1. Residue by residue, what Karplus-based ³J(HN,Hα) values in Hz, rounded to whole numbers, does region 78-92 have, using 6.51, -1.76 and 1.60 with θ = phi - 60° and x for Gly and Pro?
2. Once R0 is set to 22 Å, what does the formula 1/(1 + (r/R0)^6) return for the Cβ-Cβ distance between Arg23 and Thr176, expressed as a FRET efficiency to the nearest 0.05?
3. Mind giving me the FRET efficiency for Met10 and Arg45? R0 is 25 Å, r the Cβ-Cβ distance, nearest 0.05 is fine.
4. Across region 144-150, in residue order, what do the Karplus-derived ³J(HN,Hα) couplings come to in whole Hz, using 6.51 cos²θ - 1.76 cosθ + 1.60 with θ = phi - 60° and x for Gly and Pro?
5. Please list, ordered by chain and number, the residues whose modelled amide H lies under 5 Å from the amide H of Val67; skip anything fewer than 5 residues away on the same chain.
6. Residues with amide H under 5 Å of Ala151's amide H, sequence separation 5 or more or different chain, H placed in the peptide plane at 1.01 Å from N; which?
7. Taking θ = phi - 60°, what integer Hz values does the Karplus form 6.51 cos²θ - 1.76 cosθ + 1.60 yield along region 61-77, in sequence order, with x for Gly and Pro?
8. Going by average Cβ neighbours within 10 Å, how do the peptides 99-111, 13-25 rank, with the highest at the top?
Amino acid sequence: GQELDCLWPMWESQQLILTEMGRIEHARWTTGHPDGILVNILKARQLGASTLTQALIAHRVITQTNVRGLIASDTPDNTGSDGLFGMLELLIAHLPWWMKPAEKFHTKDKHIHFENGSRVRTEAGKSMKGGRTEKGGTKGQIGRSKTYSVAHLSELSTWEHAEQIDDSLMPAVPRTPRTLVVCESTAKGRANWW
């Protein structure tokens with residue numbers, strides 16, 4: 001089986017990310033702003049941003065009811081969306097018995113639906129079809145016909161049609177303090193979507 005390293009003490013990079021997210025959440029709360037936390041993380045490799053984000057998603061889905069979560073990377077395989085979802089599964093599997101949420105449905109590397117009504121699924125950027133409709137393409141399907149209050153979108157610089165996040169996913173993200181959307185990627189030049 002896989003081993004799970006302790007998430008504490010956090011790396012300095014993870015502390016910086018979490019501190020900024022806390023600052024955003026506090027500012028939203030003190031001003032009564034209706035939005036939750038939406039962050040873009042332009043990162044280098046191996047900073048622990050994905051691990052931290054999966055821990056935050058795990059916390060949301062096990063401590064709050066009816067959270068709908070999405071995990072998506074550039075590819076659907078183990079180096080992409082399935083690998084990120086595997087992190088979430090590993091975190092939940094290693095919870096103490098009294099914290100572990102009951103599951104209704106669970107398809108390994110793809111989908112978990114908990115008894116508390118929360119659920120998380122995976123999609124991939126490379127499975128999106130077409131491009132922007134004004135350029136003659138068809139709309140992509142990521143997040144279409146769903147409402148996600150929690151999302152982790154990874155490796156956005158290598159998505160084939162990342163602009164469809166603006167068209168399909170983001171319009172369905174609710175304006176609520178419960179929202180947590182983390183977009184992260186390394187850079188891949190200038191003048192592109194990321």
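The values are calculated or read from the model by the stated rules, or taken from the named source; none is laboratory data. As the structure is a computational prediction, the values presented were derived from the model and not from experiment. We place every Cβ from the backbone using ideal geometry, glycine too, and count neighbours over all the protein chains shown. Please note that ligands, DNA and RNA were not included when accessible areas were found on the heavy atoms of the full protein model with its side chains. Shrake-Rupley method; radii C 1.70, N 1.55, O 1.52, S 1.80 Å.
1. So the Karplus estimates, Gly and Pro as x, are 5, 7, x, 4, 4, x, 5, 5, x, 4, 4, 4, 5, 4, 5 Hz.
2. 0.70
3. Using R0 = 25 Å, I get an efficiency of 0.90.
4. Each residue's phi maps through the Karplus curve to give 5, 6, 10, 10, 10, 9, 9 Hz.
5. Ser118, Arg119
6. Leu70, Leu180, Val181, Val182
7. 6, 8, 10, 10, 8, 6, 8, 10, x, 10, 10, 9, 10, 5, 10, x, 7
8. 13-25, 99-111
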